[in-house]
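The values are calculated or read from the model by the stated rules, or taken from the named source; none is laboratory data. Values in this document were obtained by computation on a predicted structure and should not be read as measured data. Quick reminder, even Gly has a Cβ in these numbers, built from the backbone with ideal geometry, and neighbours come from all protein chains shown. The area values use the complete protein model at the heavy-atom level, side chains included, leaving out ligands, DNA and RNA. Shrake-Rupley method; radii C 1.70, N 1.55, O 1.52, S 1.80 Å.
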Amino acid sequence: GEDVEQSLFLSVREGDSSVINCTYTDSSSTYLYWYKQEPGAGLQLLTYIFSNMDMKQDQRLTVLLNKKDKHLSLRIADTQTGDSAIYFCAERLPYQKVTFGTGTKLQVIP
Amino acid sequence: EADIYQTPRYLVIGTGKKITLECSQTMGHDKMYWYQQDPGMELHLIHYSYGVNSTEKGDLSSESTVSRIRTEHFPLTLESARPSHTSQYLCASSNDRAPYGYTFGSGTRLTVV
């Protein structure tokens, strides 16, 4: 199967850390991605991780990959109001197909 | 600046009209995609193309059609719009270089009345 699941909604206070989770079913994924969609806009690639890595850090963003549990997470440190958006995880399979998750709406409370 | 452009941003049209949603990219990407996005956020792949004169249907059945006569241009056409076609349509492109990420346009919000 190629399902990629995310929780629908996450609310955090400004300055706290946010953790957005994603589970996937296909263990043959090569790359996993996090995209951000702001209101009225398309998706923007935020970060990615290669499947043989466990962790990747990029400024305030930390991606954790647990291949055994097929679990991907995105941690945003010091969350700001500008981080309010919908976040999609996605996996790329060997035959090039990319499957997007269901999306998590992050609300940052000032 | 290399980018991907969608026009129009918003379109309100009557039932039965023929419409074409435009998508152009200046990055020379071979692969292009059309997604339909629910109000509930989920993305559904409706068409994709891996190069000129190559088009395929996606996972979600759609009454729309696409063409790819030029690398940079991937228009989507609805011959006879219906209220059930009301949705957000997102165009994307990608190249063959790792990490193979997608670049998305800003989308077209279509309302059929």
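Quick notes
- Residue within the range B:91-108 that is loosely packed, with under 14 Cβ neighbours inside 10 Å, of a type in the set (Ser, Thr, Tyr) and farther than 16 Å from B:Trp34 by Cβ present: no
- Checking A:Thr30, A:Thr47 one by one, the residue that is surrounded by fewer than 17 Cβ atoms within 10 Å (Cβ to Cβ) and within 10 Å of another protein chain (Cβ to nearest Cβ) is A:Thr30 and no other.
- Search result, residues across the range A:66-91 that are in a strand (DSSP E or B), more than 11 Å from the chain's Cα centre (by Cα) and within 13 Å of A:Ser27 (Cβ to Cβ): A:Asn66
- Members of the range B:55-90 that are closer than 12 Å to B:Asp30 by Cα, open to solvent by less than 60 Å² (accessible area, probe 1.4 Å) and assigned to a loop (DSSP other than H, G, I, E, B): B:Arg68, B:Thr71, B:Phe74
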